[in-house]
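The values are calculated or read from the model by the stated rules, or taken from the named source; none is laboratory data. Since the model is a prediction, treat every value here as computed from it, not as a measurement. Here Cβ is always computed from backbone atoms with ideal geometry, including for glycine, and neighbour counts include all displayed protein chains. Remember, those area values only see protein heavy atoms, side chains included, never the ligands or the DNA or RNA. Shrake-Rupley method; radii C 1.70, N 1.55, O 1.52, S 1.80 Å.
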Amino acid sequence: MLIGRGTFSPGVGHEMRGTFTLTQQSKGILMVTSTDFFFDGSPAPGWALSLGVPEDANDPDVVQTAVQTDFQRLADKVEPVSGQQSGLIPNSIDINDYDTLFLWCFRFPFILGVGPIERL
């Protein structure tokens, strides 16, 4: 069952575009990006969740939330990523506690892009 969707905005100094959907599955929530998804690349990028749009990568709460909700990494290469991407948000993460999907650099604290979640 489709439970949410959103549109990505890039972080400072990055290029990111596309949309995503969140679909309830038996083992968690499947996040799938659109086929036109594009991200210009970063070392150690990964998907995480937050309450509110994260703005300060040096904020200890943003860093802690990224680590606690880390559910899927993209290729650890500084090269563009395009096309449909997916990741399963496990049932151990309560999606109801969050309203934003974001792409985080797990090597250097940096917000690569955000996507506020529209609940359906």
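A few points about this structure:
- The chain - percent of accessible surface contributed by carbon and sulfur, probe 1.4 Å: 50 percent
- Working note: Karplus 6.51/-1.76/1.60 with θ = phi - 60° gives the stretch 101-110 the couplings 9, 9, 9, 10, 8, 7, 8, 10, x, 7 Hz, where Gly and Pro are set to x.
- Counting Lys and Arg as +1 and Asp and Glu as -1 over every other residue whose Cβ lies under 14 Å from the Cβ of S82, the net charge comes to -2.
- Placed amide H near T100: partners under 5 Å, 5+ positions off or other chain: S50, G52, I117
- Seen from W104, the other residues with C-beta closer than 11 Å to its C-beta sum to a net charge of +1, counting Lys and Arg as +1 and Asp and Glu as -1.
- In the chain, Cα pairs under 8 Å separated by at least six residues give a relative contact order of 35 percent.
- Shape index of the stretch 26-120: Rg/Rh, with Rg the Cα radius of gyration and Rh the Kirkwood radius from the inverse mean 1/r over Cα pairs, equals 0.94.
- Trypsin sites (Lys or Arg not before Pro) within the stretch 1-50, DSSP loop, no more than 12 other Cβ atoms inside 10 Å: K27
- Heavy-atom accessible area for T23, with the other protein chains in place and a 1.4 Å probe, reaches approximately 40 Å².
- Per residue, the accessible area of the chain comes to 52 Å², computed with a 1.4 Å probe over protein heavy atoms only.
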